[in-house]
1. From the list Lys184, Lys214, Lys161, pick out the single residue that is farther than 24 Å from His129 by Cβ, of a type in the set (Lys, Arg) and over 21 Å from the mean Cα position of the chain (by Cα).
2. Which condition number in (1) over 26 Å from Arg230 (Cβ atoms); (2) surrounded by 12 or more Cβ atoms within 10 Å (Cβ to Cβ); (3) not small (Gly, Ala, Ser) is the one that Glu186 fails?
3. Does Asp130 count as without any contact (Cβ under 8 Å) to a residue 60 or more places away in the chain and open to solvent by 70 Å² or more (accessible area, probe 1.4 Å)?
4. With the requirement that a residue be without any contact (Cβ under 8 Å) to a residue 60 or more places away in the chain and open to solvent by 40 Å² or more (accessible area, probe 1.4 Å), what does region 145-155 give you?
5. Kindly provide the set of residues from region 207-252 that are within 18 Å of Phe84 (Cα to Cα), in contact with a helix residue (DSSP H, G or I) (Cβ under 9 Å, 6 or more places away or on another chain) and open to solvent by 60 Å² or more (accessible area, probe 1.4 Å), ordered by number.
6. Taking the conditions exactly as written (open to solvent by less than 30 Å² (accessible area, probe 1.4 Å), more than 23 Å from Leu69 (Cα to Cα), part of a strand (DSSP E or B) and touching a helix residue (DSSP H, G or I) at 6+ places or on another chain (Cβ under 9 Å)), does Val181 satisfy them or not?
7. What is the residue count in region 72-89 for residues that are in a loop (DSSP other than H, G, I, E, B), open to solvent by less than 60 Å² (accessible area, probe 1.4 Å) and touching a strand residue (DSSP E or B) at 6+ places or on another chain (Cβ under 8 Å)?
8. Go through (1) within 24 Å of the chain's Cα centre (by Cα); (2) on the phi > 0 side of the Ramachandran plot and name the single condition Asp130 misses.
Amino acid sequence: MGLFSRFKKSTPTTDDDVRADDELTDDDELDAQDTDTEAADRADDDADVDDAETDAADSDDDLDEEEALLEKSAPFDRSEKGPFDISEEYPEHDRLDLGALKVPVVDGMQVRLDTDDDSQRVLAVTLIHDGGGIQLQAFATPRSEGLWNTVRGQLAESVTKQGGESTELHTSLGKELAIEVPAKTESGRPGKRAMRFAGIDGPRWFVRAVFSGKAVTDDEVRAELSALFRGVVVDRGEEAMAPRELIALTAPQVDQDETEEKDEDELNPFERGPEITEVR
C-alpha cells in the first residue's frame with residue numbers, strides 16, 4: 001500500500017498513525033518520490049561501481065596480456081647452450097664472422113647471404129646442409145623486452161589470411177611455429193609450402209630462424225641445423241637502435257694473402273668455388 005506498506009515492515013505503528021492511501025498529502029507523495037529517486041540513484045551508483053570494477057578487471061587482463069607478449073621467449077638454458085651474447089662465455093667453434101652474427105660452420109655446409117638490391121645491405125644469412133636450410137636474421141630489442149611472442153602471433157595471423165595453417169610447437173628451441181601456406185609446384189599445380197619458424201630473445205637482441213627443405217621433414221637434418229643455431233654468437237653492438245630494427249650483417253672479408261697465393265697458382269675452372277653465395 002504505497003508508503004504505508006514500506007514503513008509497516010520496519011516501523012511499528014498505532015491506530016492514529018495508520019491512514020488510507022487516498023489520505024496521503026502532497027508532502028507524503030513528494031517523500032515517496034524522493035525515496036524512489038534515492039533508491040534508483042543508489043541502484044545506478046551500484047551499477048556504475050560494478051561497471052567500473054568490470055572495466056578495471058578487463059583492463060588488468062589486457063595489461064597482463066600485453067606484459068606476457070613483451071616477456072622474453074628463449075630456452076631456459078640459452079645462456080649455457082646458446083645462442084650466445086658476445087659478452088657471455090661460449091665454446092670455441094669454427095665460426096664465420098658476419099658482424100652481428102658469428103655462425104658456426106661445418107664441412108659440406110653452404111652459406112648464402114641475402115642482400116638488399118638497393119642498399120646492398122646483408123639482411124640475412126642462410127645455412128644449407130644435407131638438403132635442409134635455416135635462415136637467420138637479427139633484430140634489436142630493449143634489454144627487458146622480447147619480440148618472439150609478438151612476432152609469432154603476427155606470423156600466425158598472416159598465415160591464416162593467406163589461407164594457410166599454423167601450429168605452435170614446444171621444442172628444444174622454445175616455442176616454434178609450423179606453417180603450411182598455399183604455393184604452386186614446379187609444374188605449376190596447386191600445392192603447399194611447409195616451413196618452421198623459431199625465435200630466441202637475448203640481451204637487447206632477437207634472432208629469428210626459418211627452417212626449410214628437409215629441415216622441416218627430416219628430424220636428423222633439423223637437429224643438425226638447430227645445433228648450428230644454438231652455436232651462434234650475437235654481437236648487438238652498443239649503438240642505439242629502435243626496437244624491431246633489423247641488424248644488418250657484414251659480408252666476410254677474404255684473406256688477402258690467400259687471394260694472392262691463389263692467383264699465383266694455376267686456376268682450375270672446374271674446381272668447386274667458395275661455399276658462399278649472394279642472393280639479390
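1. On the way: Lys214 fails: farther than 24 Å from His129 by Cβ; Lys161 fails: over 21 Å from the mean Cα position of the chain (by Cα).
After ruling out the rest, the residue left standing is Lys184.
2. Of (1) over 26 Å from Arg230 (Cβ atoms); (2) surrounded by 12 or more Cβ atoms within 10 Å (Cβ to Cβ); (3) not small (Gly, Ala, Ser), only one is false for Glu186: (2).
3. Criteria not met by Asp130.
4. Gln154
5. Glu224
6. For Val181, the condition - open to solvent by less than 30 Å² (accessible area, probe 1.4 Å), more than 23 Å from Leu69 (Cα to Cα), part of a strand (DSSP E or B) and touching a helix residue (DSSP H, G or I) at 6+ places or on another chain (Cβ under 9 Å) - is met.
7. The total comes to 5.
8. So Asp130 meets the others, but not (1).
The values are calculated or read from the model by the stated rules, or taken from the named source; none is laboratory data. What you see is a predicted model; the values in this text were computed from it and never measured. Positions of Cβ are backbone-derived with ideal geometry, glycine not excepted, and every protein chain shown enters the neighbour counts. To get the accessible areas, we keep the full protein, side chains included, count just its heavy atoms, and leave off ligands, DNA and RNA. Shrake-Rupley method; radii C 1.70, N 1.55, O 1.52, S 1.80 Å.
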